[in-house]
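Below you'll find the structure, written out as structure tokens, and then a few comments.
The values are calculated or read from the model by the stated rules, or taken from the named source; none is laboratory data. Note that the structure is predicted; figures quoted are calculated from it, not measured. Because the Cβ atoms are built from the backbone with ideal geometry, glycine has one as well, and the counts that use them run over all protein chains shown.
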Amino acid sequence: MFNVLNAFAAGIMFSVGVCVGAFLCHLASKKGRDEMKEQMLEYNKQVESRLAQYVENTAVMAAAAQRWMDKNPDYDD
């Protein structure tokens, strides 16, 4: 059983090495770097959009909570 697990781990490590090597070769080319830059810009836009949506939702929730607190001044935490 140990031999099977050892072979399985060796296979995983080999595939990780191949993937890392392919990634490094891709980064080594100008086209690869440009593609990575574009992907990162797209990812940053997504993150920025999600953060803006979060801020907007938080503002809406805060306004709703404030309206509720104004209607219920005797509410005690």
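Under 6 Å between Cβ atoms, at least 6 apart or on separate chains: pull out the pairs that start in region 56-77 with a residue that is without any contact (Cβ under 8 Å) to a residue 40 or more places away in the chain and end on any residue that is surrounded by 10 or more Cβ atoms within 10 Å (Cβ to Cβ).
none
Of these, C25, C19, which one is touching a helix residue (DSSP H, G or I) at 6+ places or on another chain (Cβ under 9 Å), not basic (K, R) and not in a loop (DSSP other than H, G, I, E, B)?
It is C25.
Report every pair of residues separated by at least 6 positions or lying on different chains whose Cβ atoms are under 7 Å apart, first residue within region 28-49 and charged (D, E, K, R), second at pLDDT below 90 and part of a helix (DSSP H, G or I).
Pairs that qualify, where the first residue is charged (D, E, K, R) and the partner is at pLDDT below 90 and part of a helix (DSSP H, G or I), are R33/L27.
Kindly indicate the residue of region 28-77 that is of a type in the set (D, E) and not in a loop (DSSP other than H, G, I, E, B) and also surrounded by the fewest Cβ atoms within 10 Å (Cβ to Cβ) among those meeting that condition.
For region 28-77, the residue satisfying everything is D70.
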